[in-house]
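The structure appears right after this line, and notes come after that.
The values are calculated or read from the model by the stated rules, or taken from the named source; none is laboratory data. In this text the structure is predicted, and so the values were computed from the model without any measurement. Glycine gets a Cβ as well: all are built from the backbone with ideal geometry, and neighbour counts include every protein chain shown.
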Amino acid sequence: MKLNAEEKAMLAGEQGKATQKAMEILVALGTIYDAQHMVPVTSVQIAGVSYDNLGEAGLHFLTEMEQGGGKARVLTTLNPAGMDIENWQALGIEPEFAEKQTQVIDAFARMNVITNCTCTPYLTGNVPHFGEHIAWAESSAVCYANSVLGARSNREGGPSALAAALTGRTPEYGMHLEENRKPQVTFGVQADLVENDDFGALGKVIGEILQSLEGVTIPYVRGVSGAVLEQLKSFSASVATYGGTALFHMEDVTPEAGLFEPPEYSIKISQAELTSAKAEMTDGYVSSADFVSLGCPHLSIKEIARIAELLEGKQVVKEFWITTARPTKQIADRMGYTKTVEASGAKFAADTCCVVAPIKGRFTALVTDSAKACYYASGKNQFQTILKPFDEVVFAAIGKERAQ
Amino acid sequence: MNWQGRKIFTGQASGEALVSSMGISFFGGVDPESGEVIERDHELEGQSIAGKVLVFPTGKGSTVGSYTLYRLKRAGKAPAAIINAECETITAVGCIIAEIPCVDQVPISQLRSGQRLKVDGEQGTVAISGE
């Protein structure tokens, strides 16, 4: 790799031990992926924030980087933590866990990382523009940023995203290069897509087909008209979870789709395939489920407004977590949504989510509208899962199977 | 015998080779306190990677695996060095943060468990010692 004078100085340790370690990580990745040089990044999003995933070793590494003088050089935010940082007691988090989680957040803060813990940074002040080079780690956010916003990010891991933050650089390979952003397979969708869980099911079907195709990673999706932000958020999360996808193009929806012809290699997706994908993500019953959650990825304010509308004057009969970014929650506070939600007995869980919180063993079955949440609930936490449309998830929480 | 590979992380180490023809997922696949391979049906299941020159084709699984290598190092159970056919992000980042010498692009099918290997991360070389 060709490094400029400043990058060489970082590698030689002239800007501190943490910066040196960060540059070592980036040079090694650049070497593996044949990058010619580094590209400056203007935005970073770091994963590996929940103490449940980091453990003591991860905390020790972060502490070492912080004590080694590491400071973020560009706008950097965090992935969800293992708890609501301000209201963890209400969620039944153990004090020992809270103590460790707080140490993680504090270490990041001392490195000048903005401790907004969310998988939707693009909703709360970390919003890259078209063509901007960034280094993000949360898989759903990487997919959204590349596809919907047209920014350029590889799928970073926790340490490599931190390395980008501390140096303001990332090796130029993969998604940073125009020639690697071409679609390779067309998916012709012939199905009704209305609800978040429809888009989640579509992401699972496309993601799993991509996994089975050698060397084909970027889909061109046709037949979806007028997807809104929440639907694209849901699709991005699902196709990234099931397919490892960093970028998709969607005809007449995403900004780079018009730059390309749909690839000749084409696969049809039918309604029946979506139906069976949904069935695969449902192995429990609403009646016996003991956990309900919306907000994977984190809810938009529009989604929270809808939950408040549905919960008005009702009482929940199951543990119901509403997960979102702290700034979004603060708007909900101002609008009175929080009051309505909490009066029903439902709980806001800001800064965290049901994927990264330490809830293994606490529940047996989750009702959600998120295909991604189903994947992690059944794998990591060994819950049964029930996938439902958004409104019906709320109805499940208040003990009503369907809308009346 | 010796081979010229590619430097992933610097440092020199010698040790007994532990060779796997299967990929390794450090997160969930290796016990971070004991160094024992715990992935079910893995060909190294039940064996310890501690102090070994660990040879495998490539890493797989969660990116949290980088932290597992770091945790092994802190527990004194890390491999002495790692040799891959093709290194990927998880193993590379893990070796850097845990400071484990690592070399790739070596014909690993020529290596056998029990051989004494000398790895030079700086030069990117692997040699069978005592020859």
Given (1) buried (at least 21 other Cβ atoms within 10 Å of the Cβ); (2) more than 14 Å from every other protein chain (Cβ to nearest Cβ); (3) of a type in the set (Ser, Thr, Tyr); (4) outside any strand (DSSP E or B), where does A:Ser225 come up short, assuming only one miss?
(1)
Here's a check for you: in the range A:361-372, which residue that is modelled with pLDDT of 95 or more and either of a type in the set (Gly, Ala, Ser) or assigned to a strand (DSSP E or B) (or both) is farthest from the chain's Cα centre (by Cα)?
A:Ala365
Can you spot a residue in the range A:209-216 that is modelled with pLDDT of 95 or more and surrounded by 20 or more Cβ atoms within 10 Å (Cβ to Cβ)?
no
Is it the case that the range A:109-119 has a residue that's more than 20 Å from the chain's Cα centre (by Cα) and in a helix (DSSP H, G or I)?
yes
Of the residues A:Lys302, A:Lys400, A:Lys329, A:Lys380, which single one is basic (Lys, Arg), within 23 Å of A:Cys119 (Cβ to Cβ) and at pLDDT below 95?
A:Lys380
Taking the range B:1-56 and keeping residues in a loop (DSSP other than H, G, I, E, B), within 23 Å of A:Ile32 (Cβ to Cβ) and either touching a Gly at 6+ places or on another chain (Cβ under 9 Å) or modelled with pLDDT of 95 or more (or both) leaves B:Gly5, B:Thr10, B:Gly11, B:Ser20, B:Gly23, B:Ser25, B:Ile49, B:Lys52
Being touching a Pro at 6+ places or on another chain (Cβ under 8 Å), farther than 25 Å from A:Thr324 by Cβ and within 14 Å of chain B (Cβ to nearest Cβ) narrows it down to one residue among A:Leu59, A:Leu26; which is it?
A:Leu26
If we scan the range A:133-142, do we find a residue that is surrounded by fewer than 24 Cβ atoms within 10 Å (Cβ to Cβ), out of contact with any His (no Cβ under 9 Å at 6 or more places or on another chain), of a type outside the set (Phe, Trp, Tyr) and more than 14 Å from every other protein chain (Cβ to nearest Cβ)?
no
If you go through the range B:72-79 one residue at a time, do you hit one that is within 11 Å of another protein chain (Cβ to nearest Cβ), crowded, with 18+ Cβ neighbours inside 10 Å, more than 13 Å from the chain's Cα centre (by Cα) and in a helix (DSSP H, G or I)?
no
Lone qualifier among A:Phe235, A:Phe199, A:Phe260 - being in contact with a strand residue (DSSP E or B) (Cβ under 7 Å, 6 or more places away or on another chain) and among the aromatic types (Phe, Trp, Tyr):
A:Phe260
Taking the range B:15-52 and keeping residues crowded, with 16+ Cβ neighbours inside 10 Å, in contact (Cβ under 8 Å) with a residue 60 or more places away in the chain, in contact with a Ser or Thr (Cβ under 9 Å, 6 or more places away or on another chain) and within 21 Å of B:Ile128 (Cβ to Cβ) leaves B:Ala17, B:Leu18, B:Val19
Does B:Ser62 qualify as being over 18 Å from B:Ala13 (Cα atoms), at the interface with chain A (Cβ under 10 Å from one of its Cβ atoms), part of a loop (DSSP other than H, G, I, E, B) and in contact with a helix residue (DSSP H, G or I) (Cβ under 7 Å, 6 or more places away or on another chain)?
yes
The helices (runs of 4 or more DSSP H) lying entirely within the range A:247-343 that contain at least 3 residues which are in contact (Cβ under 8 Å) with a residue 40 or more places away in the chain are A:271-280, A:301-311, A:326-335
Looking at the range B:113-131 only, could you name the residues that are within 17 Å of B:Gly5 (Cβ to Cβ) and either acidic (Asp, Glu) or more than 14 Å from every other protein chain (Cβ to nearest Cβ) (or both)?
B:Gln115, B:Leu117, B:Lys118, B:Val119, B:Asp120, B:Glu122, B:Gln123, B:Thr125, B:Val126, B:Ala127, B:Ile128, B:Ser129
Among the residues of the range B:85-107, write down those that are under 21 Å from A:Asn154 (Cβ atoms) and either more than 10 Å from every other protein chain (Cβ to nearest Cβ) or among the β-branched types (Val, Ile, Thr) (or both).
B:Thr89, B:Ile90, B:Thr91, B:Val93, B:Ile96, B:Ile97
